[in-house]
Amino acid sequence: MIYKEYKHNPPHLFVKNEKYFITASTYQKKKFFIQKEAKEYLKNSIIRAFSEFKWQIDDWVILDNHYHLMVESTDTPVELVEIIRRIHRFSAIWLKKNFTEYNALGRIWYNYWDTCVSFEKSYFNRLNYIWFNPVKHGYVEFPEEWEFGSYFTRAREDDKAMQKIINQYRIDQMKIKDDF
């Protein structure tokens, strides 16, 4: 287990082979990812970066100005810093290249926060939170309508299992910073 503090960033706890709940937000909460192709590029950047380091992505959701992930670390958990750095660097470069109105902006990404999840209930509550985030922010009425999240596919594959998790693990008691 490694605990690191970084100047101007939240502290990070790195644990081998553990689940992490990650939230990242854009600079000044600006909605840089409104376009479908921007969300697709970000999704592919996330998948590519975690795959390169052999981390597993359990669940995810991408909104206009932030994203949430549930991932599993490897034997080298400090790689998380480099994984996020790559995602943010490549998605920012792509945005500025494809949407000229973003060229004048200095920053696209603000920061990311991670939480090491070691209890089953906490894990499933956070999955539920990821799935319902588009509903919380008013993008859709039901999570299965939001194509930029893992629930979109999961609900089609096994809706009964999804409903069981939703009913058993409530999100209304969770306090997660998400004022985007």
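Each reported figure results from applying straightforward, stated rules to the coordinates on display, with no laboratory input. What you see is a predicted model; the values in this text were computed from it and never measured. FYI the Cβ positions are ideal-geometry reconstructions off the backbone, even for glycines, and counts take in every protein chain you see.
Suppose the filter is among the aliphatic types (A, V, I, L, M) and either under 14 Å from the mean Cα position of the chain (by Cα) or in a helix (DSSP H, G or I) (or both); does ILE34 pass it?
Details: among the aliphatic types (A, V, I, L, M): yes; either under 14 Å from the mean Cα position of the chain (by Cα) or in a helix (DSSP H, G or I) (or both): no.
When the stated conditions are applied, ILE34 does not pass them.
If you check ASN133, ASN125 for being farther than 24 Å from SER51 by Cβ, touching a residue at least 12 places away in the same chain (Cβ under 8 Å), crowded, with 19+ Cβ neighbours inside 10 Å and among the polar types (S, T, N, Q), only one passes: ASN125. For the stretch 136-151, the set of residues classified as part of a helix (DSSP H, G or I) and either more than 19 Å from LYS43 (Cβ to Cβ) or within 14 Å of the chain's Cα centre (by Cα) (or both) consists of LYS136, SER150, TYR151, listed by residue number.
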